[in-house]
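Novice: For reference, the structure I am asking about is given below.
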Amino acid sequence: MRDIATMMRLDWTTTKLHTIWWILGLADLVLVVLGVFLANTRFLMLGAVAGMASSALMMPFVGSQQHGLEGMLALLPLRRRTVVWGHYGYALSLVAALVLNFAVVDGVTGLIRPTEANFSRTLGVAAGVFFFFALTTAIEYPMLLKWGFERAPFAVYGTLFGLCAVLGLVAYLDPFAQLPVWPTVAMGLVGLLVVLGGSLMISLHVYETREI
Amino acid sequence: MTERLNVLGLAKTYPEFALGPLTFDLPAGYIMGLIGPNGAGKTTTLRLLLDMAQPSAGEFTLNGAQTADARQQARDDLGAMLDSTTLPDVWTVKDIDDNMHRLFRRWDSQQFMELVAQFDINPKTMYRRLSKGTQNKVNLAVALSHHAKLLILDEPMAGLDPIARDELRQLLQAYIQAGDASVLLSSHLTDDLAQFADYLLYLIHGEQRFFGETDTLLNRYLLVQGGSSELTAALEDHGLGLRQTSVGFSLLLPTTDQALAAGLVTSTPDLDTLMIYLGKRGEDHA
Amino acid sequence: MRIVIQNRSQLPIYQQIIDQIQAAILSGDLQPGTLLPSIRGLAKDLQISVITTTRAYHDLEQAGLVQNVQGKGTYVQAQDPALLREQTLRQVEAGLQAALDAAKIGQIPPATVHEMLDSLIAAGGDDHD
């Protein structure tokens, strides 16, 4: 457990996020101000979150050298399975943090300017974004772990493209209007866990014998 | 006697290149040099030992661990540096120190900072802004700073001036002083190596040409020189790396055949000369 | 303690070490009971391999000149005086024989050789050119 936390921490420190937290805070402030005085900034924020999430998710695999940081990981007392668990932990905690940030900013904006507020909708959107990027992780990570970023950029962009297309389709068809809320959410959650679990298993297997 | 490395029939096959089988041992407290022409498979060998690639055949024990997973967990006892070793782009020396402290059980901060100073590394520069040579030095400093029982270094001397090479040699000899830790290093600077390496592993074109004590290899051949008319058929047959010029010939002769060179100029070749005559393919006969 | 090795010499390094330590022991520069540098310490000081110094000390032990005590180090052995005398006699004989050979080549008569020997002894035997 402790080793997984160590690995997650490594992934976090190798992205540049930890050096630009203050920029994020500033951006939040600006967004609140904009949200209060202008109209809906929700989509702006979603765009920003989506952009950050998709690039940050790949950070552990991208580096100035081949294979990102695997040259270093091979020399550390971390088992390959620990590395995989750590990557997943990093991805989910990253998305959760960004989504939480979005929800908080949206909520604060809503408090200051109640006319635009719709908390359940905020929560719904936040959950949806989390769901979307958890799915992205589940699809991308086994491919990145098997081939590395240099050899699988198509995997990454193709996934995002594909999922966005599916999202568009779902939004168009809008089946959610017909379905009961809580059972759908529960099923969605279970489905997500199953997909993530399967993805993790594939990744563990794939990375065990990966050549660095 | 404890052995830091125990390799049996290790081999790796790629489409364009085949390595092995390799069989050798490195006891605790000694230095082994891995030598051979470019492309001989030195780096591939080290990558196999570091479990960065899986062998096609054979097995090995490193610091007593026989499986890849066990070896990975015992990385506290291993310090390594390859050309492909990297550290995160944004880390400075301080970041490295802080993180390695958490990652290695016996991380020696003082040792690390001393090496950083000795290698003239700017502690405030981000890793990605350092030159490749300096990056290598940083990686070397990390490898040397957590009291590992085995060091595996790929061309650590490359790019260093003679003074720096001498300092590194001193560091490595000090490292094995207690008789417990061992060093395996590959190098092109073979004359330096012949001096202080206890064992040599010599690869030519993926094959293990020699493994054993340095002196054994050096005494295995004689350098024979003479006039063109003195080149007998027997000499040509038994000799290696024949060179003929307008002023005579020279070749390597196995010491066991030295009777064939009676009356000619013979000498014990130094390691560089030996490797030059054995060449890229180590051809036995013309 | 003095050991100086030459890398480029035709004489193997371990042999150079043996020769120098042996000479020091026989001449009395290294007294019996003296602790020699450790095998590893010597290797580091001379910048050579541990196997080389190990071999030198091993051969010296075989020749009865030193003794390796487990856990403590390598000590200079007391030499058998009769043996030492025997060795020294042989060295003197070899030196004299070399002088006679040279005299024969230069056709110097034995009487002259005797005179030279006497005058050298009279001068105290310390007259080195």
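The values are calculated or read from the model by the stated rules, or taken from the named source; none is laboratory data. The structure presented is a predicted model; accordingly, all values stated were derived computationally and were not measured. Please note: Cβ atoms are built from the backbone with ideal geometry, for glycine as well, and neighbour counts cover all protein chains shown. Please note that ligands, DNA and RNA were not included when accessible areas were found on the heavy atoms of the full protein model with its side chains. Shrake-Rupley method; radii C 1.70, N 1.55, O 1.52, S 1.80 Å.
Novice: Does region C:19-56 hold any residues that are within 14 Å of chain B (Cβ to nearest Cβ), touching a residue at least 24 places away in the same chain (Cβ under 8 Å) and open to solvent by less than 50 Å² (accessible area, probe 1.4 Å), and which are they?
Specialist: C:37, C:39, C:42, C:46, C:48, C:52, C:53, C:56 - these are the residues of region C:19-56 that are within 14 Å of chain B (Cβ to nearest Cβ), touching a residue at least 24 places away in the same chain (Cβ under 8 Å) and open to solvent by less than 50 Å² (accessible area, probe 1.4 Å).
Novice: Step by step: first the residues of region C:57-112, then only those that are in a helix (DSSP H, G or I) and touching a Pro at 6+ places or on another chain (Cβ under 9 Å), then the one that is least open to solvent (accessible area, probe 1.4 Å). Which residue is that?
Specialist: In this case the residue turns out to be C:103.
Novice: Within region C:94-102, can one find any residue that is over 27 Å from residue B:196 (Cβ atoms) and of a type in the set (Asp, Glu)?
Specialist: Yes - at least one qualifying residue is present in region C:94-102.
Novice: Right, next: Against the definition (farther than 17 Å from residue B:146 by Cα, among the charged types (D, E, K, R) and at pLDDT 95 or above), how does residue B:51 come out, yes or no?
Specialist: Yes: the conditions hold for residue B:51.
Novice: Would you mind stating whether residue B:144 is modelled with pLDDT of 95 or more, within 28 Å of residue B:204 (Cβ to Cβ) and surrounded by 22 or more Cβ atoms within 10 Å (Cβ to Cβ)?
Specialist: Spelling it out, it is not the case that residue B:144 is modelled with pLDDT of 95 or more, within 28 Å of residue B:204 (Cβ to Cβ) and surrounded by 22 or more Cβ atoms within 10 Å (Cβ to Cβ).
Novice: Evaluate region C:29-43: report whether one residue or more is acidic (Asp, Glu) and part of a helix (DSSP H, G or I).
Specialist: No, there is no match, as no residue in region C:29-43 is acidic (Asp, Glu) and part of a helix (DSSP H, G or I).
Novice: Out of the residues in region B:48-65 meeting the condition of being out of contact with any strand residue (DSSP E or B) (no Cβ under 7 Å at 6 or more places or on another chain) and open to solvent by 40 Å² or more (accessible area, probe 1.4 Å), tell me which one is farthest from the other protein chains (Cβ to nearest Cβ).
Specialist: Filtering first and then ranking leaves B:64.
Novice: Another question, then. Within region A:105-120, does at least one residue satisfy the condition of being surrounded by fewer than 19 Cβ atoms within 10 Å (Cβ to Cβ), under 17 Å from the mean Cα position of the chain (by Cα) and within 30 Å of residue A:21 (Cα to Cα)?
Specialist: no
Novice: Criterion first (within 13 Å of residue B:30 (Cβ to Cβ), charged (D, E, K, R) and under 24 Å from the mean Cα position of the chain (by Cα)) does residue B:215 satisfy it?
Specialist: No; evaluated as a whole, the condition is false for this residue.
Novice: I would also like to ask the following. Being open to solvent by less than 40 Å² (accessible area, probe 1.4 Å), away from every other protein chain (no Cβ under 14 Å) and not small (Gly, Ala, Ser) is the filter here; which residues of region B:185-217 pass it?
Specialist: Passing the criteria: B:201, B:202, B:203, B:204, B:210.
Novice: Moving on. Do you know which residues across region B:80-110 are within 8 Å of chain A (Cβ to nearest Cβ), more than 19 Å from residue A:82 (Cα to Cα) and in contact (Cβ under 8 Å) with a residue 40 or more places away in the chain?
Specialist: B:80, B:82, B:85, B:86
Novice: So which of B:230, B:207 is farther than 20 Å from residue B:152 by Cβ and assigned by TED's automatic domain parsing to the domain that holds residue B:39?
Specialist: From the options B:230, B:207, the qualifying one is B:207.
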